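The values are calculated or read from the model by the stated rules, or taken from the named source; none is laboratory data. Not measured: the values here are computed from a predicted model. A quick note on method: Cβ atoms are made from the backbone with ideal geometry, for glycine too, and the neighbour counts reach across all protein chains shown. Protein only, heavy atoms only, side chains kept; ligands, DNA and RNA dropped before computing areas. Shrake-Rupley method; radii C 1.70, N 1.55, O 1.52, S 1.80 Å.
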Amino acid sequence: MTIKDIAREAGVAVGTASRVLNNNPNVSDETRKKVMEVVRKYNFRLNSNAKHLKQQNNDGIAIIVKGTKNMLFADLVETLQGMIKDRGFACLIYYIDEEEDEVQQAIQICVERLPMGILFLGSNLENFRKGFTNIKIPCVMVTNAAETLGFENLSSVSIDDGIAAKTVVEYLIDSGHRRIGILGGEMEYENPAKRRYAGCRYAFERYDIPFSPEIQFEQACFSLESGYEAMLRLLDKMPDATAVFAISDVMALGAIRAIRDRGLRVPEDISVVGFDGIELGQYMVPRLTTIKQPNAEMAERCVELLLHCISKKTAARYERIPFEFWTGETTKVIDKECETICEKVGF
């Protein structure tokens, strides 16, 4: 079985199959799915041919990006790539779909490319529990926390997602909102989306405000389209919603479009808060209220931490980076009495 055979059975060009196998993001999801189905069917692996062997090096840092439509990761990758190259290392970037196993991808990269270390953008902790013992080089999780895993070669740099989400919901409650919807991510495994959801639930409980997941929560992927569709479903179930918290900015932007398409206004009818602080959100009209993740600082800490672990052979470290709450133009106070409360708590 060769790459030509893979392309023939998948019904695509050889160049397209090659881009899929090399994790190039410039391939449609449908095409990638077709090629990967054939790959899995025959358990195909790229041969380490002469060209590939020539590309191997032991001064490279690999970046595995989980999800091809996450704008926060796009900004981080650009920053990380520049920092890694500035420090004299080669940078190897791999994109995988949200549902793929990043640890198995890392194992394959270790065999084929011999990197010195790996940065993971997006991670399912269950995948690490099942397979990370096979990886021996220093690694760092970016935007996710690795403390609970206990691997000596797996560090992490992240914000406190639970506290950040709690901050958002408390802000909305203090602004007079009670009918608050949540657009969240995958809940089946431990990840930032699940911690953000837990932070939301804690805020509702702290204020003794009832929360019905069946009505007030809609799951979405980290994309504009998914945020749009999830918001439409939420409006069908919760037509009296006065505020929505989307656990990513791209979801929030999709949600705002859905709200407008239903003939409603932001923030006059529904307030919207995002999460991440992507650049696009600060140039849209109205400007997005959001939790800002400090990309530059996070990227710098990840690179410095990884290179320190590589050069000094030190044990894993877990760092928390402070987040910021940016009050934009997509939220409003709906109770004048609450306005004083918000001022007192610093919002």
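Quick notes
- Sequence-distant contacts, meaning Cα pairs under 8 Å at least 6 residues apart, place the relative contact order of the chain at 16 percent.
- Taking a ≥ b ≥ c as the square roots of the eigenvalues of the Cα gyration tensor, the stretch 147-247 is classed as oblate, since a/c reaches at least 1.5 and a/b does not exceed b/c.
- Of 208, 160, 276, the one that fluctuates the most in a GNM where the chain has Cα springs shorter than 10 Å: 208
- Peptides 312-318, 244-250, 118-124 ordered by average Cβ neighbours within 10 Å, highest first: 244-250, 118-124, 312-318
- Applied to the stretch 9-18, the Karplus parametrisation 6.51 cos²θ - 1.76 cosθ + 1.60 on θ = phi - 60° returns per-residue 3J(HN,Hα) values of 5, 7, x, 10, 6, 4, x, 5, 4, 5 Hz, with x for Gly and Pro.
- Relative to the dominant Cα principal axis of the chain, helix 102-113 is inclined by about 30°.
- Each of 270, 107, 163 was scored by the projection of its Cα onto the charge dipole of the chain, and the greatest displacement toward the positive side belongs to 107; charges sit on the C-beta of Lys, Arg, Asp and Glu.
- Dipole of the chain computed with +1 at Lys/Arg Cβ and -1 at Asp/Glu Cβ about the Cα centre; of 141, 125, 42, farthest Cα towards the positive end is 42.
- Prolate/oblate/rounded label for the stretch 55-130 (Cα gyration tensor, a/c 1.5): oblate
- Accessible surface ranking for 308, 177, 1.4 angstrom probe, highest first: 308, 177.
- When the charge dipole of the chain is built from unit charges on Cβ atoms (+1 for Lys and Arg, -1 for Asp and Glu) and taken about the Cα centre, the candidate among 153, 220, 3 whose Cα reaches farthest toward its positive end is 3.
- For the stretch 189-253, the spread of Cα coordinates along the three principal axes comes to 33, 30, 18 Å, biggest extent given first.
- In the assembled protein chains, residue 34 presents an accessible area of approximately 80 Å² (probe radius 1.4 Å).
- Value at 222 nm in deg cm²/dmol, rounded to 500, when DSSP H runs of n ≥ 4 in the chain each add -39,500 (n - 2.57): -14000 deg cm²/dmol
- Projected-area mean, the chain, by convex hull of Cα positions, square nanometres: 18.8
- Under 11 Å, Cβ to Cβ, from residue 166 - net charge with Lys/Arg +1 and Asp/Glu -1: 0
- Charge dipole magnitude, Cβ of K and R +1, D and E -1 - the chain, Cα centre, debye nearest 20: 1180
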